[in-house]
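What follows is a short report on a single structure.
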Amino acid sequence: MSEFLTIGEPIALFGSTEVDKSLKDAGNFQKFLAGAEVNVAVGVSRLGHSSEYITSVGKDPFGEFIIDQLHENKVGTDYIDQTEDYWTAFQLKDRVSQGDPSIFYFRKGSAAAHFDQQVLDKIDFSEVKMVHLSGIFPAISDEALAAFRYFVKLLEEKQIRTTFDPNLRPQLWASQEKMVATINELASHAEIILPGINEGEILMGSREPEAIADFYLANGEATQTVVVKLGTEGAYVKQKDGTSFTVPGFNVDEVVDTVGAGDGFAAGLITALIEGKSLKEAIIRANAVGALAVQSPGDNDGYPTPEELAAFLKENKVDDL
Ligand code: KDG
């Protein structure tokens, strides 16, 4: 029984330790747990909330590594199916001194892509306060998309609060049209939508935060809040009642790796809302977790404990949240 649930594809990540060397030439890698949704589960657990991850992994060394990492991070594994029939996904990532790294996936036909939705019927929702969904899992296969839709139906029946991050991965979709139509339809079922500003441009044709928010507020009855992530600028928020505000981001001395910052942002927001904080306080915490995330090489290794978060906020002269 957990306060938080998410479903996704976990990935064993090999991050190069050699700065500005191509993946072809790099010879030294560090292994991490990755996958957008599992990152959020780790972030929520590290901030002190019970968290459970739903997926399928292979009975192989990467699958075992992922389960070990989840145990180490106190993320529940009761709804993880282990199969001998398919492999666990892995990926390579380079290390760059500027901008975003290059990523190469080995994930097609993975165990998660063959996820059996019967697992969803075993879930105990009695303590669940929030569920996080992302546009990656429904992109990996038809089975995953069907399971995602079934999960959304269960969440609607049980009236559980949901966050949705479009997390666009064009390489996983048959076409851009299919990606845009499916993501926008899936987003319409979520209470809180978390698009990035660049994603807004692809999904609804504007980089204007208010236009992106207005599109999603009109797109689905379930949607109450849109939080447009502005990178280092922070986040723009608009709610169904027309209220809007911007929360500036934090300055970071050294950016080591940008991947995982958006998932950390979601974990900060979700934990603050579970604790009954205001939306504004939740966005400040979300920005803080995102800023801490970019200062380390893995996706989720920079996510803070409550003590680390408090120290960061104090350093940045924000009252403890
Ligand atoms: O958000 C981080 C993810 O991009 C990374 O962990 C891998 O899930 C992943 C993906 O599909 O890109």
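The values are calculated or read from the model by the stated rules, or taken from the named source; none is laboratory data. Just so it is clear, the model here is predicted, and its values are computed rather than measured. All Cβ positions, glycine included, derive from the backbone under ideal geometry; neighbour counts span all protein chains shown. SASA here: full protein model, heavy atoms, side chains in, ligands and nucleic acids out. Shrake-Rupley method; radii C 1.70, N 1.55, O 1.52, S 1.80 Å.
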Exercise. With respect to A218, is the statement that it is assigned to a loop (DSSP other than H, G, I, E, B), aliphatic (A, V, I, L, M), under 26 Å from Q159 (Cβ atoms) and open to solvent by 20 Å² or more (accessible area, probe 1.4 Å) true?
Worked result: no
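Of all residues in the stretch 120-136 being assigned to a helix (DSSP H, G or I) and touching a residue at least 40 places away in the same chain (Cβ under 8 Å), which is farthest from the ligand (Cβ to nearest atom)? Full working, then the answer.
Initial filter on the stretch 120-136 (assigned to a helix (DSSP H, G or I)): 120-122.
Going one step further and asking which of them are touching a residue at least 40 places away in the same chain (Cβ under 8 Å), we end up with 120, 122.
Values: L120: 20, K122: 24 Å.
Selected residue: K122.
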Exercise. Would a scan of the stretch 3-13 turn up a residue that is over 22 Å from L145 (Cβ atoms) and crowded, with 24+ Cβ neighbours inside 10 Å?
Worked result: yes
Problem set entry | Selected residue (criterion: least open to solvent (accessible area, probe 1.4 Å)) from residues of the stretch 79-102 that are touching a residue at least 40 places away in the same chain (Cβ under 8 Å) and away from the ligand (no atom under 16 Å from the Cβ) | Y79
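What are the residues in the stretch 100-138 that are among the β-branched types (V, I, T) and modelled with pLDDT of 95 or more, if any? So that I can check it myself, show each step before the final result.
From the stretch 100-138, those among the β-branched types (V, I, T) are 103, 119, 123, 128, 131, 136; that's our starting set.
Within the stretch 100-138, V119, I123, V128, V131, I136 meet the criteria.
What number of residues in the stretch 182-210 are part of a helix (DSSP H, G or I) and either in contact with a strand residue (DSSP E or B) (Cβ under 7 Å, 6 or more places away or on another chain) or surrounded by 16 or more Cβ atoms within 10 Å (Cβ to Cβ) (or both)?
Quick first cut of the stretch 182-210, residues part of a helix (DSSP H, G or I) only: 182-187, 197-204, 209-210.
With either in contact with a strand residue (DSSP E or B) (Cβ under 7 Å, 6 or more places away or on another chain) or surrounded by 16 or more Cβ atoms within 10 Å (Cβ to Cβ) (or both) added as a condition, the list becomes 182-184, 186-187, 197, 199-200, 202-204, 209-210.
Residues in the stretch 182-210 being part of a helix (DSSP H, G or I) and either in contact with a strand residue (DSSP E or B) (Cβ under 7 Å, 6 or more places away or on another chain) or surrounded by 16 or more Cβ atoms within 10 Å (Cβ to Cβ) (or both): 13 in total.
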Exercise. Do the conditions hold for K317, that is, is it more than 24 Å from R95 (Cβ to Cβ), modelled with pLDDT of 90 or more and open to solvent by 40 Å² or more (accessible area, probe 1.4 Å)?
Worked result: no
For this session: Return the pairs, sorted by first residue and then second, in which the second residue is assigned to a helix (DSSP H, G or I), the first residue lies in the stretch 305-318 and is farther than 20 Å from P248 by Cβ, the beta carbons are less than 7 Å apart, and the residues are 6+ apart or on different chains.
Result: T305/R46
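Okay, residues lined up against (1) within 16 Å of the ligand (Cβ to nearest atom); (2) in contact (Cβ under 8 Å) with a residue 12 or more places away in the chain; (3) touching a Leu at 6+ places or on another chain (Cβ under 8 Å); (4) under 21 Å from R95 (Cβ atoms):
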{"residue": "L5", "(1), (2), (3), (4)": "no, yes, no, no"}
{"residue": "F29", "(1), (2), (3), (4)": "yes, yes, yes, yes"}
{"residue": "G43", "(1), (2), (3), (4)": "yes, yes, no, no"}
{"residue": "N73", "(1), (2), (3), (4)": "yes, yes, yes, no"}
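Does D263 qualify as being buried (at least 17 other Cβ atoms within 10 Å of the Cβ) and acidic (D, E)?
Working: buried (at least 17 other Cβ atoms within 10 Å of the Cβ): yes; acidic (D, E): yes.
The answer is yes for D263.
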For this session: Kindly provide the set of residues from the stretch 160-174 that are in a loop (DSSP other than H, G, I, E, B), surrounded by fewer than 21 Cβ atoms within 10 Å (Cβ to Cβ) and either more than 10 Å from the ligand (Cβ to nearest atom) or of a type in the set (F, W, Y) (or both), ordered by number.
Result: I160, W173, A174
Exercise. Quick one: in the stretch 137-151, which of the residues that are aliphatic (A, V, I, L, M) and buried (at least 20 other Cβ atoms within 10 Å of the Cβ) is farthest from the ligand (Cβ to nearest atom)?
Worked result: A147
Problem set entry | Some residue of the stretch 230-252 being within 16 Å of the ligand (Cβ to nearest atom) and surrounded by 23 or more Cβ atoms within 10 Å (Cβ to Cβ) | no
Problem set entry | Pair list, Cβ under 8 Å, 6 or more apart: the stretch 255-278 residue within 16 Å of R161 (Cβ to Cβ), other residue surrounded by fewer than 22 Cβ atoms within 10 Å (Cβ to Cβ) and at pLDDT below 95 | A272/L321; K277/L321
